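Structure, as structure tokens:
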Amino acid sequence: MFKYCRIQFRRAILLTLASPLLACALQNAQPAPQDAHPATGKPDIYDRKADGFKQIETALAVAKRENKRVLLQFGANWCPWCHKLHDLFKSNKDIARTLLYEYEVVLIDVDTVDGKVHNADVNAKYGNPMQKGLPVIVVLDASGSPLTTQDTAALEDGDHHDPAKVAEFLGKWKAAPQNADDVLKSALAAAKTGSKKVFLYFSAPWCPWCHKMSDWLARPEVAALMGKAYVPVMIDRDRMTGGGEMDAKFQGTQNGGIPFFVVLDADGKKLADGVGDDGKGGKGNVGFPVEPHEVGHLISVLKQTGPQLTDADLKALESSLAKKPS
């Protein structure tokens, strides 16, 4: 069972619309499939029970650590144009890729529930975008500040949304790419100030195991422990300028896929990496550690390079990886 994603499969994955990886673009956006809605004949896409503020909070946490925008799509299950836009987001490969790479999409339900507009407080906070009709889009930066509100009627062409107009809109509001060297330099400076090491790992938007690594490091209890000894930093090999080159530099000829982690001292010297026991008598990238030998390798690296971590800390980190992710 691979705990990492092979780099050479990236383009094939992105071009396969049926691939579950493309669903990552809408991973925070849609509830489980339901029966067809009487007004549209399609399954509901908006969760009529979800707290919009909590949805946004979750999306912003990801956007902040991955330098993305948050795209709020206000709408309702009875709204045919809401379904049309949602379907375009999934079916057009170029738009789906942009959303996967650049946005966290959140579907905010504003249907009337028990005589009240659901998420009316969310609508009010963002300047009553509903007044422009449904669906309506609000784009937030990673800090949660609104950047634009888009009346989607302007993106229509006859009985559908114009893919070119939608693509142009998404391209206009995506975040400027970060420079991998600058990101690493900032982490090294923070490590030197705090007498810590840098826990560097390489990721990409299409890689589900990379997301599991990010999610694990973001867990409060894990972040608190890792923060005692390390400055964790993610380098997106696809989205950051120079990210792919940096990945190649640290992986060398191993090409073991991603996620791939490296521990650096505050001067940038490599102390250890994710190459460990492959469970077959050889060596390989452990990726996101799940199997006992993979977890064992990570813990041994942390024990070797993180003197601030106690035995109890290491045990807690090991226990946090004991439950295999779905």
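The values are calculated or read from the model by the stated rules, or taken from the named source; none is laboratory data. The structure displayed is predicted, hence computed values, not measured ones. Don't worry about glycine lacking a Cβ; one is built from the backbone with ideal geometry, like all the others, and counts go over all protein chains shown.
Please note which strands (runs of 3 or more DSSP E) are completely contained in the stretch 192-277 and include at least 2 residues that are in contact (Cβ under 8 Å) with a residue 24 or more places away in the chain and under 19 Å from Ser300 (Cα atoms).
The qualifying strands (runs of 3 or more DSSP E) are 197-203, 230-236, 260-264, 270-273.
Quick one: which of Leu85, Leu99, Leu155, Leu107 is out of contact with any Asp or Glu (no Cβ under 8 Å at 6 or more places or on another chain), over 27 Å from Arg237 (Cα atoms) and not assigned by TED's automatic domain parsing to the domain that holds Pro232?
Leu85
Is at least one residue of the stretch 48-56 in a strand (DSSP E or B) and closer than 27 Å to Pro177 by Cα?
No, that holds for no residue.
Scan the stretch 174-197 and give yes if some residue there is closer than 30 Å to Leu134 by Cα and surrounded by 15 or more Cβ atoms within 10 Å (Cβ to Cβ), otherwise no.
Yes: one or more hits.
Kindly list the number of the only condition in (1) within 27 Å of the chain's Cα centre (by Cα); (2) of a type in the set (Gly, Ala, Ser); (3) assigned to a helix (DSSP H, G or I) that fails for Gly144.
The number of the failed condition is (3).
Could you check the stretch 43-78 and list, in sequence order, the residues that are surrounded by 19 or more Cβ atoms within 10 Å (Cβ to Cβ) and free of Cβ contacts under 8 Å to residues at least 40 places away in the same chain?
Passing the criteria: only Asp44.
crowded, with 16+ Cβ neighbours inside 10 Å and at pLDDT 95 or above, is that true of Gln131?
So Gln131 does not fit the description; no.
Just the residues that are more than 28 Å from the chain's Cα centre (by Cα), over 20 Å from Trp209 (Cβ atoms) and charged (D, E, K, R), please, taken from the stretch 271-326.
If the condition is that a residue be more than 28 Å from the chain's Cα centre (by Cα), over 20 Å from Trp209 (Cβ atoms) and charged (D, E, K, R), then Lys303, Asp311 are the ones that fit.
Do you know which residues across the stretch 224-243 are surrounded by fewer than 18 Cβ atoms within 10 Å (Cβ to Cβ) and out of contact with any strand residue (DSSP E or B) (no Cβ under 8 Å at 6 or more places or on another chain)?
Passing the criteria: Ala224, Gly227, Lys228.
Here's the yes/no breakdown for (1) modelled with pLDDT under 95; (2) within 13 Å of Lys228 (Cβ to Cβ); (3) not in a helix (DSSP H, G or I):
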| site | (1), (2), (3) |
| --- | --- |
| Gly281 | yes, no, yes |
| Pro289 | no, no, yes |
| Leu298 | no, no, no |
| Leu302 | no, yes, no |
| Pro307 | no, yes, yes |
| Leu314 | no, yes, no |
| Glu318 | no, no, no |
| Ala322 | yes, no, yes |
